[in-house]
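Single-structure report; data block below.
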Amino acid sequence: MKSDVKASKQDHDREKFTWNGRFVEPGETCDLQIAVSESYSGVAVEIPIQIQRATNSGPTVFVSAALHGDEINGTGAVRELLKDDEHSLLSGTLILVPVLNIPGFERHSRYLPDRRDLNRAFPGSSSGTLAGRMAQEIFKTIVKRSDFGIDIHTASKRRTNYPNVRGDLSIPEVKRMALAFGCEVVMNGPGPVGAMRREACKAGCPTIIMEGGEVSKVEPSIVESAIRGVRNVLREFGMLGGDKDIPDYQLVIEKSKWIRADHGGFLSFHVKPGDVVAKGQALATNATLLGQEQSAIFAPFDGVVVGMTTLPAISPGDPICNLGELPKGTKPSEFRRRRRIEDGLETRLVDELASNVLVVKPEE
């Protein structure tokens with residue numbers, strides 16, 4: 001009976017770690033190309049991936065980027081992990097995917113050539129749209145072979161995000177990963193219908209996403225934050241040596257709101273991405289091109305600036321600031337004080353992300 005169980009496990013492992021007929025042995029690192037679709041000319045559209053297997057058994061974790069083709073901060077982070085000679089797995093398997101949405105990436109576009117969002121098409125369909133068919137291949141080839149997942153995103157065009165982790169914290173392993181990742185801000189929620197992380201969780205692969213920075217850029221501090229987070233999660237699972245690097249203050253955000261403009265005009269920003277603000281604090285002032293003030297925009301509650309527009313020219317209803325509501329009992333002044341005391345990556349992130357917007361003090 002024992003020999004039958006052992007043989008069954010070996011067969012399972014051989015199937016799980018075989019791509020395109022190539023079995024990746026324990027202790028081996030292998031670069032592969034995975035076909036997920038075809039181009040207009042009929043040429044295979046392939047995703048480059050790297051498989052790293054430790055000699056000791058353990059969980060399989062995928063780390064992916066550019067599911068939206070222009071969100072390449074994650075691509076920069078995955079490439080740094082690929083190049084890291086000191087990065088040596090103690091156990092388990094790591095699947096590194098620098099770009100999931102190759103057609104979008106090649107066009108510097110969030111979307112696929114059919115203008116659909118790949119991150120709304122999971123788990124996919126063999127007879128559906130281009131997005132659905134690609135999603136099915138990615139789901140089958142990467143997600144279903146994995147025990148856990150980390151997917152790295154940025155804000156959409158003309159916006160920037162302060163690094164934050166998002167996941168369905170009602171799932172214990174998602175909560176474990178989200179807190180271990182080490183971002184100051186953790187946002188609770190299952191994600192949109194059809195999103196990879198939502199469908200991965202439903203399929204038994206607990207998955208989180210990191211959001212940070214802007215599209216079409218590889219920002220050094222965002223890449224550093226992403227790499228730190230991936231390594232923290234691997235250390236949490238015993239797959240990597242060393243101690244986790246986590247700030248001693250983390251916020252779990254249950255509710256966020258985009259604060260929108262009531263009038264068109266030109267903004268003067270009063271806050272930076274990552275700033276912690278008090279209820280009633282001025283976020284921005286809206287004025288005409290000749291400087292006549294139209295209105296001021298104030299925080300409706302104590303919160304942290306999770307994301308904001310980088311475009312000061314606005315129309316009525318345009319989003320200005322994505323404000324995450326602070327948990328009850330969290331005082332903005334205390335959070336600011338603790339960040340100043342630690343004065344690490346988070347402080348640098350606030351300053352570096354603010355270099356993309358002009359921040360001025362509000363008039364008294």
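Summarising the amide proton neighbourhood of residue 301: residues at separation of 5 or more, or on other chains, whose placed amide H is nearer than 5 Å comprise 280. The charge dipole of region 255-356, taken about its Cα centre with unit charges on the Cβ of Lys, Arg, Asp and Glu (plus for the first two, minus for the last two), comes to roughly 380 debye. The order of 181, 148, 335, going from fewest to most other C-beta atoms within 10 Å of their C-beta, is 335, 148, 181.
For 55, 330, what ranking results if the residue with the fewest other Cβ atoms within 10 Å of its Cβ goes first? Intermediate values should be presented prior to the final figure.
Values: 55 11, 330 16.
Going from sparsest to densest Cβ surroundings: 55, 330.
Here the Karplus curve 6.51 cos²θ - 1.76 cosθ + 1.60, taken at θ = phi - 60°, turns the phi angles of region 70-81 into couplings of 9, 9, 9, 4, x, 4, x, 5, 5, 5, 5, 5 Hz, with x standing for Gly and Pro.
Remark: region 14-236 carries a charge dipole of roughly 600 debye about the Cα centre, counting +1 on each Lys and Arg Cβ and -1 on each Asp and Glu Cβ.
With a simple spin-label model that places each label point 7 Å from the Cα along the Cα-to-Cβ direction, the separation between residue 255 and residue 13 comes to 5.0 nm.
Put the Cα centre of region 204-267 next to the Cα centre of region 108-134 and the gap is 25 Å.
With 0.36 nm allotted per residue and the present C-alpha distance subtracted, the residue 85-residue 355 stretch has 94.0 nm of extension available.
In this structure the amide hydrogen of residue 19, modeled in the peptide plane, comes within under 5 Å of the amide hydrogens of 24, none closer than 5 places in sequence on its chain. In the chain, the ratio of gyration radius to Kirkwood radius, Rg to Rh, stands at 1.01 when only Cα atoms are counted. Within a straight-line Cα-Cα reach of under 25 Å, residue 244 can be paired with the following lysines, leaving aside sequence neighbours fewer than 8 residues apart in one chain: 83, 175.
Kindly put 271, 165 in sequence by how many other C-beta atoms sit within 10 Å of each C-beta, fewest to most.
Details: 271 25, 165 28.
With the sparsest Cβ surroundings first, the list reads 271, 165.
Helix 172-181 versus the longest principal axis of the chain: what angle, 0 to 90°, nearest 10, using Cα atoms? Once rounded, the angle reads 60 degrees. Note on residue 257: lysines with a C-alpha under 16 Å away, same-chain residues under 8 apart excluded, are 279. Between 338, 176, 235, the GNM of the chain built on Cα springs shorter than 10 angstrom shows 338 fluctuating the most.
Normalised by residue number, the volume inside the convex hull of the Cα atoms of region 255-356 is 92 Å³ per residue. Centre-to-centre, using Cα atoms only, region 141-162 and region 57-97 are separated by 11 Å.
For residue 153, the amide hydrogen comes within under 5 Å of the amide hydrogens of 210, 211, 212, counting only partners 5 or more places away or on other chains and with H modelled in the peptide plane.
Couplings 3J(HN,Hα) for region 213-224, derived from phi with the Karplus relation 6.51 cos²θ - 1.76 cosθ + 1.60 (θ = phi - 60°), are x, 10, 6, 6, 9, 10, 8, x, 6, 5, 4, 4 Hz, where x marks Gly and Pro.
Dividing the summed helix terms, -39500 (n - 2.57) for each DSSP H run of n ≥ 4, by the number of residues in the chain produces a 222 nm estimate of -7500 deg cm²/dmol to the nearest 500.
Values quoted throughout were computed directly from the atomic coordinates according to the rules given, and no laboratory measurement underlies them. Keep in mind that this is a model prediction, so the values were computed, not measured. So basically every Cβ, Gly included, is an ideal-geometry build from the backbone, and we count neighbours across all protein chains shown.
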